[in-house]
Structure formats: structure tokens, C-alpha cells
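Comments concern the structure below.
Please treat every number below as a calculation from the coordinates, not as lab data. Just so it is clear, the structure is predicted and the values come from calculations on it, not from any experiment.
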Amino acid sequence: MTVRVTRMSLVALIALLCTFTVASAGTARADNVSDKGVDSAKIVDKSLPPPDEFMAIDVMPVLENQPQAVYPDSAKKAGIEGSVWVKALIDKQGNVRDAIVTKGSGKKVGFEEAALAAAKQATWKPAIQNKQPVFVWVSYEIKFLLKNKK
């Protein structure tokens with residue numbers, strides 16, 4: 001049996017591998033917050049899309065720069081490889097606003113923390129909806145592979 005890869009099948013494969021969630025960002029809201037003793041970093045922007053909300057977009061975001069994840073020393077010494085799936089919230093400027101682990105490596109050697117740190121440093125060309133940049137959640141895999149594994 002011969003498998004023929006067409007442009008449509010490649011696009012379908014990419015669509016299956018990536019999950020995009022989009023919403024237009026509005027203004028930040030913080031209900032019942034006083035000026036005294038409030039940590040502004042803990043105020044949740046209710047206008048941002050939750051990670052599992054889906055909306056169609058016209059142009060998908062494009063990864064422009066993904067810094068190399070730091071390989072955890074304990075995993076390197078033990079010869080352990082793995083991968084982590086992360087979901088990152090890309091803002092209208094292409095910066096990562098938030099990132100979460102959606103599927104860990106299961107190895108408990110620090111891959112998840114290293115993947116999140118790398119994901120938060122990535123830069124993207126933002127998603128477009130109705131000719132305007134929009135916030136979008138994007139899922140992708142970060143692999144941890146040793147160069148000289150025997």
C-alpha cells in the first residue's frame with residue numbers, strides 16, 4: 001500500500017496536532033478589589049479566553065522564536081528523554097501571556113518546568129481574525145532528546 005501525502009492531508013495533520021482557541025481581548029476587570037493589599041499579578045483578566053474555549057480564526061499564529069528548553073541535569077545524568085505538551089496563550093503582539101502543561105512527560109525529572117519556562121520565552125506572529133490580531137491558545141510539543149544516547 002502506498003501513502004500519498006498531499007497538501008490537504010498535510011494541512012489536516014497540522015490541524016489535528018494544533019489546537020487553537022481564540023477570543024478578542026477587552027479590558028481587564030477585577031471585581032471587588034480594593035487598593036489595599038492587592039497583588040496586581042493575581043488579578044485575573046476575565047476578558048482573556050479560557051484554555052479550552054474554541055473559536056475559528058482566519059490566520060493561525062506562526063512560531064517565530066522558540067528558545068531551547070534547558071535539559072534538566074538529573075534527566076541528562078540518568079539518560080532520560082521525554083516530551084511535554086504545552087498550551088500557550090499568545091497575545092495580540094505575539095508574546096506568550098500564559099502557559100500550562102496539558103500532557104506531562106510522566107518522568108518527574110523537571111521536563112515540565114523546563115518546557116513551561118521555554119514556552120513563556122517564545123515569540124509568535126499573532127493570530128488574525130477579521131483582519132485584527134487576537135489572543136489565541138496554541139498547543140505544541142516540546143521534546144527532550146539526548147544527542148548521544150546509547
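How many lysine pairs in region 50-150, separated by 8 or more positions in sequence or lying on different chains, have Cα atoms less than 13 Å apart?
For region 50-150, the number of qualifying lysine pairs is 14.
Which ³J(HN,Hα) values in Hz, rounded to whole numbers, follow from the phi angles of region 91-100 under the Karplus curve 6.51 cos²θ - 1.76 cosθ + 1.60, where θ = phi - 60° and Gly and Pro get x?
Karplus-based 3J(HN,Hα) across region 91-100 equals 8, 5, 9, x, 8, 7, 8, 7, 8, 9 Hz.
Mind putting together the pair-distance distribution for region 72-150? All Cα pairs, 5 Å bins, whole percent per bin, short to long.
3, 16, 24, 18, 14, 11, 7, 4, 2, 1, 0
Amide H to amide H under 5 Å from ALA99: which residues, 5+ apart in sequence or cross-chain, H placed 1.01 Å off N in plane?
Amide H neighbours of ALA99: LEU89.
Just round it to a whole percent: the fraction of Cα-Cα distances in region 46-88 exceeding 16 Å.
Of all Cα-Cα distances in region 46-88, 63 percent exceed 16 Å.
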